[in-house]
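Following: one structure in structure tokens, then a few remarks.
The values are calculated or read from the model by the stated rules, or taken from the named source; none is laboratory data. Computed from a prediction, not measured in an experiment: that's the story for all the values here. Virtual Cβ from ideal backbone geometry, glycine too; neighbours counted across all protein chains shown. With ligands, DNA and RNA removed, areas are computed over all heavy atoms of the protein, side chains included. Shrake-Rupley method; radii C 1.70, N 1.55, O 1.52, S 1.80 Å.
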Amino acid sequence: RARFGLSPAEYLARKKLGTLKAALREGRDVTTALYDAGYGSPSRLYEQGAAKLGMTPATYRAGGRGVAIRWTLVDTVLGRTLVAATERGICAIELGEDDTALERRLRDEFPHAQLERVEAGRDDFLAPRLQAVAERLAGREADVPVDLLGTGFQQRVWDALMKVPEGETVSYAGLARQLGAPRAARAVASACAHNRIAGVLPVHRVIRGDGSLGGYRWGVPRKQQLLARERG
């Protein structure tokens, strides 16, 4: 726990969940996937796994079919921003210049979900979450509940990133070493690239070992902007 922020039991639970999700993504049936992942029974899976998935395993396997997601487009300090949320929390913060392209990214990410666009500030569910996101993107303190779906390793990377202090950076290789996987720098970079919650999950704080910025899903200029503001 002192090194990774996880107990052995929590680490095992993450590994099991990652194995389960990979099997479901491959199209394997739920029963086979749950036993292969190490769950002793379907009831244990739904007790331990469904809350972490944000949905039932069958729904996850179906690409999020039936999950309700509300979203809207707003202007923030980082430009045009799409914010989307499930009942559990923010599931996407996308940055860009073109509204159509932003909406297309959301639909590509959640092809079978029930997507509902709402007017910014006029929806009792999304409005407070939207305000919290705007505060965080502007560099102010705000509690932003998130609904993150990823493999066990991606979750470990994202958890570690949340512990990097504002204004500081870490290299891909350095983060891999912190996770006890010194040869996994490329996997760390891949986990950063698969993050879809801009600004709030601070993947912008990961840079290359030579000090250069490396890549960023929403463009290197935005990464520069975020780091400059935090250091300032």
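Figures for the structure shown
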| item | result |
| --- | --- |
| Mean projection area, nm², convex hull over Cα of the range 71-158 | 6.2 nm² |
| His194, His204, His112, reordered so the largest accessible area comes first (probe 1.4 Å) | His194, His112, His204 |
| Whole-angstrom gap from the range 76-103 to the range 165-198, using each part's C-alpha centre | 23 Å |
| Principal semi-axes in Å for the range 68-227 [√(5λ), Cα gyration tensor, largest first] | 27, 16, 14 |
| The range 155-228, Rg to Rh (Cα coordinates; Rh as Kirkwood inverse mean 1/r) | 0.91 |
| Those aspartates and glutamates that a straight Cα-Cα span of less than 16 Å connects to Lys223, excepting residues fewer than 8 apart in one chain | Glu94, Glu97, Glu166, Glu168 |
| Calculated FRET value between Arg186 and Gln224, using beta carbons and R₀ = 22 Å, to 0.05 | 0.45 |
| Candidates per chymotrypsin sites (Phe, Trp or Tyr not before Pro) in the range 124-223, loop by DSSP, up to 15 other Cβ within 10 Å | Phe125 |
| Spin-label model distance (nm) - Ala101 vs Arg80, 7 Å beyond Cα toward Cβ | 0.8 nm |
| Total formal charge among the other residues, if their Cβ is under 12 angstrom from that of Ala92, Lys/Arg +1 and Asp/Glu -1 | +1 |
| Sparsely packed trypsin sites (Lys or Arg not before Pro) within the range 96-175, loop by DSSP, other Cβ within 10 Å at most 11 | Arg122, Arg140, Lys163 |
| Hull-based mean projected area of the range 124-171, where the convex hull spans the alpha carbons, in square nanometres | 4.3 nm² |
| Backbone HN-Hα couplings from phi across the range 89-106 [Karplus 6.51/-1.76/1.60, Hz, Gly and Pro as x] | x, 5, 10, 7, 10, 10, 10, x, 10, 10, 4, 5, 5, 5, 5, 5, 4, 5 |
| GluC sites (Glu not before Pro) restricted to the range 150-232 and DSSP loop, no more than 14 other C-beta within 10 Å | Glu166, Glu168 |
